[in-house]
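*Asks:* This is the structure I want to talk about, given as structure tokens.
The values are calculated or read from the model by the stated rules, or taken from the named source; none is laboratory data. It should be emphasised that the depicted structure is a prediction, and the values quoted were computed from it without experimental measurement. Cβ placement follows ideal geometry from the backbone for every residue including glycine, while neighbour counts extend to all protein chains displayed.
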Amino acid sequence: MVASHPADVDAPLAGVLADFAFATGGPGHVVPPALLAVGVAVPARLVRLTNAPLAWAGLVLAAIGMLFTVTLLTLSTAVTVPITRLGAVAWIVAISAVLPRHRRRTAAPADETVLR
């Protein structure tokens, strides 16, 4: 049994456990969707699979999510948690509705070499 009463745990250990719980619950749930947004938005825009505003919205959400890691140093940036969490979920739903299921294959131009 870990700690059934607050007096059973000394203060430094409780502080470390609280910091660990915050780090895994906060950035641990905000940074991965931010990385997913970058991983989808950049290629989707480069290949022109989606419109520019939707891709830029994903990049902005990703930047806000990555700034959230500063919350580990100061709690004043914790307001970015709901913005990034809810915004990332809404953006992922929107981008999944817009991305095509299949991409048309086009022949490479004759003057370019194709790496195989």
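*Asks:* How about the stretch 39-78: which of its residues are in contact with a Gly (Cβ under 7 Å, 6 or more places away or on another chain) and more than 27 Å from Asp19 (Cβ to Cβ)?
*Replies:* Val40, Ala41
*Asks:* Determine whether Val38 is on the phi < 0 side of the Ramachandran plot, out of contact with any helix residue (DSSP H, G or I) (no Cβ under 7 Å at 6 or more places or on another chain), part of a helix (DSSP H, G or I) and aliphatic (A, V, I, L, M). Working first, answer last.
*Replies:* Numbers: on the phi < 0 side of the Ramachandran plot: yes; out of contact with any helix residue (DSSP H, G or I) (no Cβ under 7 Å at 6 or more places or on another chain): no; part of a helix (DSSP H, G or I): yes; aliphatic (A, V, I, L, M): yes.
When the stated conditions are applied, Val38 does not pass them.
*Asks:* Taking into account only those residues within the stretch 11-31 that are at pLDDT 75 or above and either among the β-branched types (Val, Ile, Thr) or outside any helix (DSSP H, G or I) (or both), which is farthest from Thr77 (Cα to Cα)?
*Replies:* My answer is Val16.
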